[in-house]
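The values are calculated or read from the model by the stated rules, or taken from the named source; none is laboratory data. Keep in mind the model is a prediction, meaning the values are calculated, not measured. Neighbour counts run over all protein chains shown; Cβ positions are idealised from the backbone, glycine included. Please note that ligands, DNA and RNA were not included when accessible areas were found on the heavy atoms of the full protein model with its side chains. Shrake-Rupley method; radii C 1.70, N 1.55, O 1.52, S 1.80 Å.
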Amino acid sequence: MPTEEPLELLQTAAGAEKGRNIHDVVKASTASLSSPSGGVVEDDDAELSDETINRFLREAEERMRVSSALLNSSTVVNKISMTKFPKLDPGSALANAPIKSQGSVSRISDPSMLVSSSDRELADTSAAAGGISRVDRAASKKTKEDKEKTAGANWFDMPRTDLTPQLKRDLQLIKMRNVLDPHRHYKKDNTALPEYSQVGTIIEGNTEFFSSRITKKDRKRTIAEELMADEGNRKRFKKKYEEITSSKRSGKKEFYRKLLAQRGSSKI
Amino acid sequence: MADKSRFYLEQSIPELQELEKKKIFTKEEISAITKKRSEFEHRINSPAPKPTDFTRYAEYEMNLDSLRRKRQTRLGVNSRSHAGQRRIFFLLDRATRRFPGDLGLWMQYIAYARKERSSKVLAKVFASVLKLHPAKPELWIFAARHAVEVNADVTEARGHMQRGLRFCKGSRELWWEYAKLELVFVAKVLARRRMLGIDGAPAPSDEEQKQAEAEAEAAMDLDDDEIKLPTVSADELSGKPRKDHLVDAAALEDITTNPALNGAVVGAIFDAAVKEFPGDMAFVRGFWDLVMGFETLHCRGALLERVVVHVLDVAPTDAEMLMLGVQLPVVGVSVANPIFPARLGTVLDNMREAAEKAVPRGVLYERFATFMVGLLKSAMEEEGADEGVKTVMFGTLVKYFKAAEAVDEASVELYMRWVETMKMRGKAAAAVEVAERALLKYKGHKGLQKAIKRIQAQEEL
């Protein structure tokens, strides 16, 4: 062990009644020696060794005991009991009452509760706003612009339907195909006209020359034209049309006309 | 729908007739009220009403009722009927029946019943809302708070808490609040004993009384989260010390033998709670903070010790939890108290041991530094603090700062504390040096740069 002050330090440390372990002290004191300014107290940047700390604390305790005894030798320090208590706190998860009452006036604090969201939407979009939809106008304009030109890559970029009068008639015919042949029955079709569509021509294969082929003479540009080209069909449609109109005409004006005609004949 | 609303509307006819007869409302006003009510009734009886329909109706009825009351008092007309209040209760009842899941409506019901001070309705509403929403811990806490504050019934509050815990075992808040309830109860009992002069303590000296008054003044402008008790005692009030206690004073004065007043209940709550949250250190931390809030409670130390014992058992290497054990000896000990140096010695011993065990050592160093700087600040402010103690604190801080730096676990926070310490010691140059060294590690940290600038500005002054 080196000499100088550690000896003294050791003695004081050993004298300490704190029950500190001697081994610790020795270790610590050698450590403090290894640092250049081990025991110099004035420089507090340097670490204090354990025994120095002990000595300091003991001395401080003695000093404080004396001073406190001098200060309040008569009065006993008495703990002041609590006068403030924390309240139970349900936290922010608890819902608030929507109506706030101040004095005799009650008000709904959240303005969004005054008008329901559906009403607000209605007021913003419909004729209630003077026929000018404040919110929707921009939105609808945008949707018009944004309307896709094609059905997308998943549909091989099928184009938007170019609804010519001919195509419209053909599509209507397909929808009403149940009238073309009285022996064929189809499901009811209430769907709208397709948004995206293309018209193609089926070309028969080599094997279908006799089985499913329309002769060159019967080929027309549209379905409607093909139907009208057939004599039998035309007659049937005419007959059907007559049936329907006659049943619709029964009674009403037709009946009255006939009645008048009968009266006229009886007069003569 | 129409006949239903018609039925409810017709029920209010006698009341309106009475109001008209007594000239509280004019005929036009009555027709306006009817029109408005009809509109609201049709709305709430529609096939798909919204909660806001009920709220708006209730708002209208509340305002109408307060107008009626004002007119009645002004005209000097007395009416025995409580039709207005009953109408609103009935409306809120219908609302909560229609929308049992809307807590806003329930809270509105409770708020109105509270305003009207109708305890019967309140009891009914609390019972049904708790029945319908048993898994919402905040409602149980709210009910317990109501029981304590309004009914002044701790047993009822305790019942709410315990029933709540059967449904929401996993709610930390509920456990904390239950512990808080019990702590407040003990603290209140002790405060009451003191007020009544049966706590065996001598009468407070003048100085103390002044201090208590000053505290009371300060408490007046505190936020709404605290309950304030008057500081006057029964002796002061009656002007003479009361000697005619009928009960056995000795038994009453001895609070040490009563386990309930020594935190046994809170301890039991803690033990039960930690079983629900194995390994949840955030829960323990919250509990610790809660108990720390009760500064003058005599059983605080014992409770904190219990927490520390548990923590050392389940997480012996967790840095944050070790810190709780480290700081325990000086908790509640004033810096000017003669026993403080000895306690500080124990803290330093504890810290030495903890530093060997702690797993994120950097965290321990950081927490210790924060704690020590806090102590140091109070030592600087307090008059009775000894110079030697301060020197020890500085020395220890520097030691651990260097230790943290040596193992390369010094966080930004730690460096900030270091700079602060150096500033407190009046070593501006050293503070700047530390901050610059920290900036090498944490490049471009705003706080550090600001700290350097502030020190330099002070130097120039």
Problem - Inter-label distance for B:MET1 and A:ALA95, nm, one decimal - labels placed 7 Å from Cα along Cα-to-Cβ - result: 2.3
Problem - Residues of the stretch B:350-386 buried by at least 50 Å² on assembly (accessible area, 1.4 Å probe, chain alone as reference) - result: B:ARG352, B:ASP386
Fill in the blank from the handout: Binned at 5 Å from zero, the C-alpha pair distances of the stretch A:156-268 give percents of 2, 8, 12, 14, 16, 14, 10, 6, 5, 5, 4, 2, 2, 1, 0, 0
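Counting protein heavy atoms only and a 1.4 angstrom probe, how many square angstrom of accessible surface do chains B and A bury in total, to the nearest 100?
On the way: alone 26370 and 23930 Å², together 44390 Å².
Chains B and A together bury roughly 5900 Å² of accessible area.
Taking R0 as 22 Å, what's the FRET efficiency between B:ARG43 and A:ARG107 from their Cβ-Cβ distance, rounded to 0.05?
Working: r = 19 Å, r/R0 = 0.87.
After rounding, the FRET efficiency stands at 0.70.
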Exercise for the section: Figure the gain on full extension for B:ILE339 and B:ASP289 (residue separation times 0.36 nm, minus the Cα-Cα span) and round it to one decimal in nm. Expected result: 15.6 nm
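In Å², and per residue, what accessible area does the stretch A:158-229 have when probed at 1.4 Å with the other protein chains present? Walk me through the intermediate numbers first.
Numbers: 6460 Å² over 72 residues.
Averaged over the residues of the stretch A:158-229, the accessible area is 90 Å².
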Handout entry: Peptide ranges B:272-284, A:250-262, A:205-217 listed from the most packed, as the mean C-beta count within 10 angstrom indicates
Key = B:272-284, A:250-262, A:205-217
Fill in the blank from the handout: Longest principal axis of chain B (C-alpha) makes with the long axis of helix B:2-11 (C-alpha) an angle, in degrees to the nearest 10, of 90
Handout entry: Helix-derived mean residue ellipticity, 222 nm - over chain B, DSSP H n ≥ 4, -39500 (n - 2.57), to 500
Key = -23500 deg cm²/dmol
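Taking the convex hull of the alpha carbon atoms in the stretch B:353-461, what volume per residue do you get, in Å³? It would help to have the intermediate numbers written out before the result.
Working: hull volume 11.1 nm³, N = 109.
About 102 Å³ per residue, rounded to a whole number.
Which value, in Å to one decimal place, does the Kirkwood hydrodynamic radius take for chain B when every pair of different Cα atoms is included? All intermediate terms of the calculation are to be shown ahead of the outcome.
Details: mean 1/r = 0.0359 Å⁻¹.
Evaluated on chain B, it is 27.9 Å.
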Fill in the blank from the handout: Neighbours of A:LYS238 by Cβ distance under 15 Å: Lys/Arg at +1, Asp/Glu at -1, summed charge +1
Problem - Per-pair calculated FRET efficiency, R0 = 56 Å: A:ILE202 and B:HIS310 via Cβ, rounded to 0.05 - result: 0.10
Practice task
Bin width 10 Å, alpha-carbon pairs only: give the P(r) of the stretch B:1-99 as whole percents, running from 0 to the bin holding the largest distance.
Solution key: 15, 50, 28, 7, 0
Completion exercise
Computed ³J(HN,Hα) along the stretch B:327-344: with the Karplus parameters 6.51/-1.76/1.60, θ = phi - 60°, integer Hz and x for glycine or proline, the list is 7, 3, x, 9, 5, x, 9, 5, 5, 8, 5, x, 7, 4, x, 4, 5, 4
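Step through the table entries A:LYS188/A:LYS240; B:LYS50/B:LYS136; A:LYS100/B:LYS124; B:LYS27/B:LYS124; A:LYS147/A:LYS217, compare each Cα-Cα distance with 30 Å, and write down the pairs that go over it. Let's see the in-between values first.
Values: A:LYS188/A:LYS240 20 Å; B:LYS50/B:LYS136 23 Å; A:LYS100/B:LYS124 22 Å; B:LYS27/B:LYS124 37 Å; A:LYS147/A:LYS217 42 Å.
Going by Cα-Cα distance, B:LYS27/B:LYS124; A:LYS147/A:LYS217 fall outside the 30 Å limit.
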